1. Given all pairs of different Cα atoms, what value in angstroms does the Kirkwood hydrodynamic radius of region 30-70 take?
2. Per residue Cα convex hull volume for region 5-60, in cubic angstrom?
3. Counting only GluC sites (Glu not before Pro) that sit in a DSSP loop (anything but H, G, I, E, B) with at most 12 other Cβ atoms within 10 Å, what is the longest stretch of the chain containing none of them?
4. For the chain, which cysteines have no disulfide-compatible partner, meaning no other cysteine Cβ under 4.7 Å?
5. Given a 1.4 Å probe and every protein chain left where it sits, what share in percent of the accessible area of the chain is carbon and sulfur?
6. Tell me the net charge near CYS12. Cut-off is 14 Å between Cβ atoms, CYS12 excluded, with +1 for each Lys or Arg and -1 for each Asp or Glu.
7. Is it possible to state the helix-based mean residue ellipticity at 222 nm for the chain, with each DSSP H run of 4+ residues giving -39500 (n - 2.57), the sum divided by total residues, to the nearest 500 deg cm²/dmol? What is it?
8. For the pair PHE18/ILE58, report the inter-label distance in nm, with labels modelled 7 Å from Cα in the Cβ direction.
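The values are calculated or read from the model by the stated rules, or taken from the named source; none is laboratory data. Since the structure is predicted, the reported quantities are computational estimates derived from the model, not experimental observations. Glycine also receives a Cβ, built like all others from the backbone with ideal geometry; neighbour counts cover every protein chain displayed. Note: areas computed on protein heavy atoms with side chains; ligands, DNA, RNA excluded. Shrake-Rupley method; radii C 1.70, N 1.55, O 1.52, S 1.80 Å.
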Amino acid sequence: MEYKENRIICNCKQVSLFDIEDAVKNYQRFEDVEREFEEVQKMTGCSTGCGGCHDKIIAIISDMLHGNIN
């Protein structure tokens, strides 16, 4: 997945890549991606509409936690 530009990841709640990145950076990081997803979800509202973005958001958070995104 390409992360060089900001784009909407969750269309229902208009949550962008940068919103997710900010939420991850502003929260104490966990080793567990699913727990981190739940915190990002609380902070941004992502994946609380149709849920179609769930897998994309999990992949983004996983990449962030594993240092694949600055």
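1. The Cα-based Kirkwood calculation yields 10.3 Å.
2. On the way: hull volume 3.9 nm³, N = 56.
Spread over its residues, the Cα hull of region 5-60 gives 69 Å³ apiece.
3. Of all site-free stretches, the longest is 32-70.
4. CYS12, CYS50
5. 43 percent
6. Details: positive: LYS13, LYS56; negative: ASP19.
In short, +1.
7. It comes out at -14500 deg cm²/dmol, rounded to the nearest 500.
8. Label-label distance for PHE18 and ILE58, simple model: 2.8 nm.
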